[in-house]
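The values are calculated or read from the model by the stated rules, or taken from the named source; none is laboratory data. This is a predicted model, so every value here is computed, not measured. Note that each Cβ is placed from the backbone with ideal geometry, even for glycine, and that neighbours are counted across all protein chains shown. Surface accessibility is based on the protein's heavy atoms, side chains included, excluding ligands, DNA and RNA. Shrake-Rupley method; radii C 1.70, N 1.55, O 1.52, S 1.80 Å.
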Amino acid sequence: MKFSYNWLHELVEGLAEPPEELSRLITMKTAESEGVERLGAVLEAVSPARVLSVEPIAGGHNVKAVVETERYGVKTVVCGAPNCKPGLLTAYVPSGVTLDNGKAIRKAVIAGVESDGMLASGAELGVNRDHEGVVELVAGAALERLKPDAVIEIDNKSITHRPDLWGHHGMAREVAAFTGRPLREPVDLSRLPQGPPAIAVRIENFDLCPRYSALVFENVTVQPSPLWLQQRLEVIGLNPINNIVDVTNYVMAEIAQPMHAFDADRLKGGIIVRTARPKEFVHALNGETYECGETNLLIADEAGAVAIGGVIGGMESAISAPTTRIVLESANFNAASIRKTSAKLKLRTDASMRFEKAQDPHNTVRGLARAVQLLEVVSPGIRLVGGLADCHRELPAPPPIDLPLPWLYRKLGRTVPREEVVRILESLAFGVTEPEPALLRVTVPSWRATKDVSIKDDLVEEIGRMIGYASIPLQAPLVPAAVPPANPEREYHHAVREMAAAQGFTEVHNYSFLSEEAAAAFGWAPEEHVRVANPIASDQSLMRKSLLPGIRKNLLENARHFDEFRLFEIGREIHRRSGSLPEEVPHLAAAMFTRGDGQAQLFELKRLAECLLPGCDIRPAAAPLPWEHPARAYDVLGQGAAVGRLFEFHPVMIEGGRGAVLDLNLAETLSRRPAEARYQPLRRYPASDFDLSVIAPERALAGDIEKRLTELGGADLIAVRFVVKYSGPPLPAGAKSVSFRLTVGAPDRTLSNDDVTAIRTRMIEGMRAAGYELRA
């Protein structure tokens, strides 16, 4: 949300803080400011100028223009604007000035003509977005209201609960409160006409539309707005369109009340606020046609829909150059209804963003009163027809809140003088009385009662932010502190995370939701998943029953930028259970990507599995799953039970490379962790090594051979290490030689040669008894 410093300066009497300081104060007292951008510095140097003569320049579309300026005398400039003609009153920018877009204006010779300065377009001055020609000024109202501005940008998330802060007057009220200066009221309710309305308004459901107010105007002239109004909208990011639309946007930006103007001659009868009929279509102002359903609120006349309530107007009733009569609406809508309509239609507008925040129903007539003032300025001769049409249900005042001062001091952690508490609340437009000593009764203004202030704890926040939280003494809470009970699962997950990071893996976090398309890529039917009742997005309608779709998406997205990488996620799979809540199973999914053959990364993931679960066994999968590579899929076993899967994605799942995944059930690995290792002193006596080469079938697992050797070695065996695998002559076809280095020793002595030979012989004989041959 952008706020104009000049606008705030008009609304707060005597505001002296510069924009940067005001930005800091707003951050400390009200909402997070993202910074200040200064705009329109060129306006300090610009001068009105009358074009005296125009001469074409041969060989191009540029002309030589001689202009008489109010501040710099007669100047000659080269201009390419199509509307540059003798007698035109426009804006001259002298040499030595830099525009907001970074363009520096200098004296230059163009096509043999010396050009000193330039004639500027509205876009170059920063007052509108017109690049087509130089700006055309009106005599008597040229540039006096145009001046440099500074825009203070507020983070939208920090004012979601404050609908009043979506307008300059609401922010000015905050500024006036924390600077101690008076607030100007821009609205004059006496401008509202009396008498019977000129248009009938009917609301079918007051829960969806608590209030709808309207006025009718005639003798309307649709034309460009004055430059000061265009600039005021442009600096806060709103596009000037014409005087009528610009007034509605001005009111919205000033008092946070969205408005809309209809061409009265295009309406058929009165206004009806109703929900859409099945498959009712609206041709909107943005040129799109939207299909609305029975949950969407429409503004209609006797012939059909003319606008989507709170979101966007319709093309059939739009004002245009020939318009001479308008109906100006100012309404209030149910916040949840507007949010759902906006989400369903995938259409967010400046109006819908404000209505989603629960605007004040009392603000509709204020918006119309302010628009009357502005329309009389921008459309001379405009006239009101009839009185105010104001259809609404009873608008009850919010109940008062009792605020005991001792309780307030205890909550704040410091004492605040009663007079200061009253001053702060009254400066924020709260009403304050004292029915008994040390008890304040606070009435909440309507614009704070929609979804912000309702209990005394909310008032504590109002006072705390105004006195400054830094003024509250630092003190530890006077409550007993106890160490929380141990959470083995959480500690284990921390250890897994640290181990994966130590192995070079980067942690990722994916949503617990996935789309039906993502599930279909793995061959899963949507009904196998828990479906989200109110998904936050159309592609997040299912709860994930595996981490693999998210990991695959991570691999595909990162493969566009990197040739190799490794990542992991710790999350929960959500599985359906009939007649009960879903089962949530913690999992680790670690993945690696490479553009090579991918064999090495399978061993890297195997090493990670062994780090997380020492003694685990990796065995080829009996039946690879559809998304797994048929020759590179393995079961991970812990104490003989399956605890996870190690596999490479099927080539159709990962294009342009190979992606391998280790998927572990952390609940199973936690229950199968080996017992804590006990301290073993360093060996005092040297060990001996020897090699054994075992001949085995080509498909025999080296791990099985290693286990057999370990069993045969018994207590004398210290370590077994795989050395090399060989196949080929002189070995027969279908056979391989697997070599291991074995380390043996005794804790109480040095083994003799005879001892080592006996151990070696025992192991050779044991292997032969198991059906293996050994190479010499």
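When the range 320-376 is filtered for residues that are open to solvent by less than 30 Å² (accessible area, probe 1.4 Å), in a helix (DSSP H, G or I) and touching a Cys at 6+ places or on another chain (Cβ under 9 Å), the ones remaining, listed by number, are Ser337, Thr341, Leu345. Scanning the range 487-532 for residues that are under 21 Å from Leu556 (Cα atoms), among the aliphatic types (A, V, I, L, M) and outside any helix (DSSP H, G or I) turns up Val508, Leu514. If the condition is being in contact (Cβ under 8 Å) with a residue 60 or more places away in the chain and hydrophobic (A, V, I, L, M, F, W, C), then the range 388-447 contributes Leu388, Ala389, Cys391, Leu395, Leu412, Ile424, Leu428, Ala429, Trp447. Step by step: first the residues of the range 228-272, then only those that are among the charged types (D, E, K, R) and not in a loop (DSSP other than H, G, I, E, B), then the one that is surrounded by the fewest Cβ atoms within 10 Å (Cβ to Cβ). Which residue is that? So, considering only residues that are among the charged types (D, E, K, R) and not in a loop (DSSP other than H, G, I, E, B), the one surrounded by the fewest Cβ atoms within 10 Å (Cβ to Cβ) is Asp265.
Among residues of the range 109-150 being β-branched (Val, Ile, Thr) and part of a loop (DSSP other than H, G, I, E, B), the one that is nearest to Leu99 (Cα to Cα) is Val127.
Annotation note: Cβ proximity below 9 Å between a residue of the range 32-44 that is assigned to a strand (DSSP E or B) and a residue that is open to solvent by 100 Å² or more (accessible area, probe 1.4 Å) and not hydroxyl-bearing (Ser, Thr, Tyr) (sequence gap 6+ or interchain) occurs for Ser33/Arg24. Yes or no: the range 467-476 includes at least one residue that is modelled with pLDDT under 95, closer than 30 Å to Pro614 by Cα and aliphatic (A, V, I, L, M). No, the conditions are met nowhere in the range 467-476. Going by the structure shown, is Lys75 in a strand (DSSP E or B) and closer than 21 Å to Ala139 by Cα? Answer is yes for this residue.
Candidates Pro624, Pro630: the one that is open to solvent by 70 Å² or more (accessible area, probe 1.4 Å) and either among the hydrophobic types (A, V, I, L, M, F, W, C) or farther than 25 Å from Thr750 by Cα (or both) is Pro630. Can you work out which of the residues in the range 728-772 that are among the polar types (S, T, N, Q) and touching a residue at least 24 places away in the same chain (Cβ under 8 Å) is nearest to Thr710 (Cα to Cα)? Per the stated criteria, the residue is Thr743. Checked against the criterion of being open to solvent by 40 Å² or more (accessible area, probe 1.4 Å), of a type in the set (D, E, K, R) and out of contact with any Phe, Trp or Tyr (no Cβ under 8 Å at 6 or more places or on another chain), the candidates Glu573, Glu583 yield just one match: Glu583. Of all residues in the range 430-449, those satisfying the criterion of being open to solvent by less than 40 Å² (accessible area, probe 1.4 Å) and part of a loop (DSSP other than H, G, I, E, B) are Phe430, Val444, Pro445, Ala449. Just one of the numbered conditions (1) touching a Lys or Arg at 6+ places or on another chain (Cβ under 9 Å); (2) closer than 30 Å to Arg339 by Cβ; (3) among the hydroxyl-bearing types (Ser, Thr, Tyr) is not true of Ser515: (1).
Applying the set (1) open to solvent by 80 Å² or more (accessible area, probe 1.4 Å); (2) in contact with a strand residue (DSSP E or B) (Cβ under 9 Å, 6 or more places away or on another chain) to Glu517 leaves exactly one unmet item: (2). With respect to the conditions (1) closer than 19 Å to Gly504 by Cβ; (2) crowded, with 20+ Cβ neighbours inside 10 Å, Phe603 lacks only one, and its number is (2). Could you check the range 393-423 and list, in sequence order, the residues that are open to solvent by less than 40 Å² (accessible area, probe 1.4 Å), part of a helix (DSSP H, G or I) and modelled with pLDDT of 95 or more? Passing the criteria: Leu405, Trp407, Leu408, Val421, Val422.
Being within 16 Å of Lys29 (Cα to Cα) and either β-branched (Val, Ile, Thr) or open to solvent by 40 Å² or more (accessible area, probe 1.4 Å) (or both) is true of Asn156. Restricting attention to the range 633-667 and to residues that are assigned to a strand (DSSP E or B), out of contact with any Asp or Glu (no Cβ under 8 Å at 6 or more places or on another chain) and in contact (Cβ under 8 Å) with a residue 60 or more places away in the chain, the residue that is surrounded by the most Cβ atoms within 10 Å (Cβ to Cβ) turns out to be Leu662.
Consider the range 680-715 and keep the residues that are in a loop (DSSP other than H, G, I, E, B) and more than 30 Å from Gly644 (Cβ to Cβ). The one that is least open to solvent (accessible area, probe 1.4 Å) is Ala687. Looking at the range 580-599, is at least one residue acidic (Asp, Glu) and over 32 Å from the mean Cα position of the chain (by Cα)? Scanning the range 580-599 turns up at least one residue that is acidic (Asp, Glu) and over 32 Å from the mean Cα position of the chain (by Cα). In the range 747-776, the qualifying residues are those that are surrounded by fewer than 16 Cβ atoms within 10 Å (Cβ to Cβ) and over 26 Å from Tyr726 (Cα atoms), and the one that is nearest to the chain's Cα centre (by Cα) is Pro747. Figure legend. Inter-residue proximity from the range 106-124: first residues in contact (Cβ under 8 Å) with a residue 40 or more places away in the chain and within 28 Å of Gln230 (Cβ to Cβ), second residues open to solvent by 30 Å² or more (accessible area, probe 1.4 Å) and acidic (Asp, Glu), beta-carbon distance below 6 Å, spacing 6+ or different chains. Indicated pairs: Ser121/Asp130; Gly122/Asp130.
The single condition from (1) among the polar types (S, T, N, Q); (2) modelled with pLDDT of 95 or more; (3) buried (at least 23 other Cβ atoms within 10 Å of the Cβ) that Ser225 fails is (2).
If you go through the range 516-539 and keep only what is touching a Leu at 6+ places or on another chain (Cβ under 7 Å) and not aliphatic (A, V, I, L, M), you end up with Glu516, Phe522, Pro526, His529, Arg531. Could you say whether any residue in the range 716-738 is part of a helix (DSSP H, G or I) and under 20 Å from Glu765 (Cβ atoms)? Checked the range 716-738: at least one residue is part of a helix (DSSP H, G or I) and under 20 Å from Glu765 (Cβ atoms). Given the condition of a type in the set (A, V, I, L, M, F, W, C), open to solvent by 30 Å² or more (accessible area, probe 1.4 Å) and assigned to a loop (DSSP other than H, G, I, E, B), answer yes or no: does some residue in the range 536-545 qualify? Scanning the range 536-545, I find at least one residue that is of a type in the set (A, V, I, L, M, F, W, C), open to solvent by 30 Å² or more (accessible area, probe 1.4 Å) and assigned to a loop (DSSP other than H, G, I, E, B), so the answer is yes.
Being over 22 Å from Arg497 (Cα atoms) and in contact with a Lys or Arg (Cβ under 8 Å, 6 or more places away or on another chain), is that true of even one residue in the range 607-620? Taking every residue of the range 607-620 in turn, none turns out to be over 22 Å from Arg497 (Cα atoms) and in contact with a Lys or Arg (Cβ under 8 Å, 6 or more places away or on another chain).
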